[in-house]
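> Just passing along the structure, written as structure tokens.
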Amino acid sequence: MVMHTGRALLDAAKILKEAGLSEGQTYVDFGCGTLGHFVIPAAGLVGAKGMVYAFDVLPNALVAINERARTERVLPLETVWGDLQHEHGTKKIPAASVDLASVINTTTLFFKNNIIIKNIRRVLKNDGRLLVLDWQKKSLLAKIMSVDTTDPEELKKVIEDNGFCLIKKIKVGTNHFGFLFQKIK
């Protein structure tokens, strides 16, 4: 039996580079999870003059990220507890300070309420970008794992209707789809 690592499914460093993340920038991964699959490579891309926020509603996820960052001496990285689904849920991240934000494998949240997009817009700079990645509906792995999937075109419409324009689709493998949006002023 072949085991797939997270990198085999989503090559975070490659995707972040394609999304334009570079040295000196600020990045936030909303719903970073326990592994830091995107925040750890992001810290290497932004370098010492940049900033990476690992954002999650689950305190144990942030504890795990802090431990990994400390063990691997990953800088600059700050864990942030917050809830995108609540007004002022991102208050610990300065307004208009983020170059690139990501929401990965949790895009069903966008259909719950507009507060989520308002929170994301609040932290993004005027020309900030939003990277969204999620499971393809037809992905066998998504079906095996029983994960919720999002219709890419419906997701695109919801995000565009809330102050973003699509920059490009990002090829992220056979199991996922990806979009890169830019905040409209």
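The values are calculated or read from the model by the stated rules, or taken from the named source; none is laboratory data. Bear in mind that the values here come from a model prediction, so they are computed numbers and not experimental data. Positions of Cβ are generated from backbone atoms using ideal geometry, with glycine treated the same way; all protein chains shown enter the neighbour counts.
> Return yes when His86 is within 18 Å of Arg122 (Cα to Cα) and in a loop (DSSP other than H, G, I, E, B) and no when it is not. Step through it out loud before you land on a result.
On the way: within 18 Å of Arg122 (Cα to Cα): yes; in a loop (DSSP other than H, G, I, E, B): yes.
Judged against the criteria, His86 is a match.
> Mind checking which residues of the range 53-90 are exposed (fewer than 13 other Cβ atoms within 10 Å of the Cβ) and either among the basic types (Lys, Arg) or in contact with a Lys or Arg (Cβ under 7 Å, 6 or more places away or on another chain) (or both)?
If the condition is that a residue be exposed (fewer than 13 other Cβ atoms within 10 Å of the Cβ) and either among the basic types (Lys, Arg) or in contact with a Lys or Arg (Cβ under 7 Å, 6 or more places away or on another chain) (or both), then Arg70, Arg73 are the ones that fit.
> If I filter the range 49-61 for residues that are part of a helix (DSSP H, G or I) and touching a residue at least 24 places away in the same chain (Cβ under 8 Å), do I get at least one hit?
Scanning the range 49-61, I find at least one residue that is part of a helix (DSSP H, G or I) and touching a residue at least 24 places away in the same chain (Cβ under 8 Å), so the answer is yes.
> For the range 33-48, which residues satisfy the criterion of being modelled with pLDDT of 95 or more, within 14 Å of the chain's Cα centre (by Cα) and not in a helix (DSSP H, G or I)?
Of everything in the range 33-48, just one residue is modelled with pLDDT of 95 or more, within 14 Å of the chain's Cα centre (by Cα) and not in a helix (DSSP H, G or I), namely Phe38.
> OK, next. Farther than 24 Å from Glu18 by Cα and either at pLDDT 95 or above or touching a Lys or Arg at 6+ places or on another chain (Cβ under 8 Å) (or both) - does that describe any residue in the range 95-113?
yes
> Output the residue which, of all residues in the range 91-122 that are assigned to a loop (DSSP other than H, G, I, E, B) and without any contact (Cβ under 8 Å) to a residue 40 or more places away in the chain, is surrounded by the fewest Cβ atoms within 10 Å (Cβ to Cβ).
Lys112
> Six or more apart or on different chains, Cβ under 9 Å: which pairs go from a residue in the range 64-89 that's closer than 17 Å to Gly33 by Cα to one that's of a type in the set (Gly, Ala, Ser) and surrounded by fewer than 16 Cβ atoms within 10 Å (Cβ to Cβ)? Could you list them?
Val74/Gly44
> Right, something else. I'm trying to understand the selection: among the residues of the range 125-148, which are touching a helix residue (DSSP H, G or I) at 6+ places or on another chain (Cβ under 6 Å), buried (at least 18 other Cβ atoms within 10 Å of the Cβ) and modelled with pLDDT under 90?
Asp134, Trp135
> Condition test on Ala54, is it touching a strand residue (DSSP E or B) at 6+ places or on another chain (Cβ under 8 Å) and on the phi > 0 side of the Ramachandran plot?
No: the conditions fail for Ala54.
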